[in-house]
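Read the structure below first, then the notes.
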């Protein structure tokens, strides 16, 4: 490997280390963060950045955008019956490819 390539690689590695320390916190008391958790945090921030803003009129709470299993089960043919007692908190699904 050519010397200038070595220097570039060292710079990139140092930059990644400093980025990780700054992002995850560099204190000795900080919890260990796995690469998977770092990726999940990055994907969530990416999804939040590009997420559309949803404006929807709601004639009743039946029009709320909520979780598919708001009633605590994955049975969709009982949702109308369980709607009055279900958790209608706002919920969004996303996927990062």
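The values are calculated or read from the model by the stated rules, or taken from the named source; none is laboratory data. On a predicted model such as this, the values are computed, not experimentally measured, just so you know. Reconstructed Cβ throughout: ideal geometry from the backbone, glycine too, with neighbour counts over all protein chains shown.
Would you confirm, using the coordinates I've provided, whether residue 66 is modelled with pLDDT of 90 or more and surrounded by fewer than 12 Cβ atoms within 10 Å (Cβ to Cβ)?
So residue 66 does not fit the description; no.
Residue-wise test of (1) touching a residue at least 40 places away in the same chain (Cβ under 8 Å); (2) under 28 Å from residue 86 (Cβ atoms); (3) assigned to a loop (DSSP other than H, G, I, E, B).
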site: 39; (1), (2), (3): no, no, no
site: 45; (1), (2), (3): no, no, no
site: 55; (1), (2), (3): no, yes, yes
site: 62; (1), (2), (3): no, yes, no
site: 74; (1), (2), (3): no, yes, yes
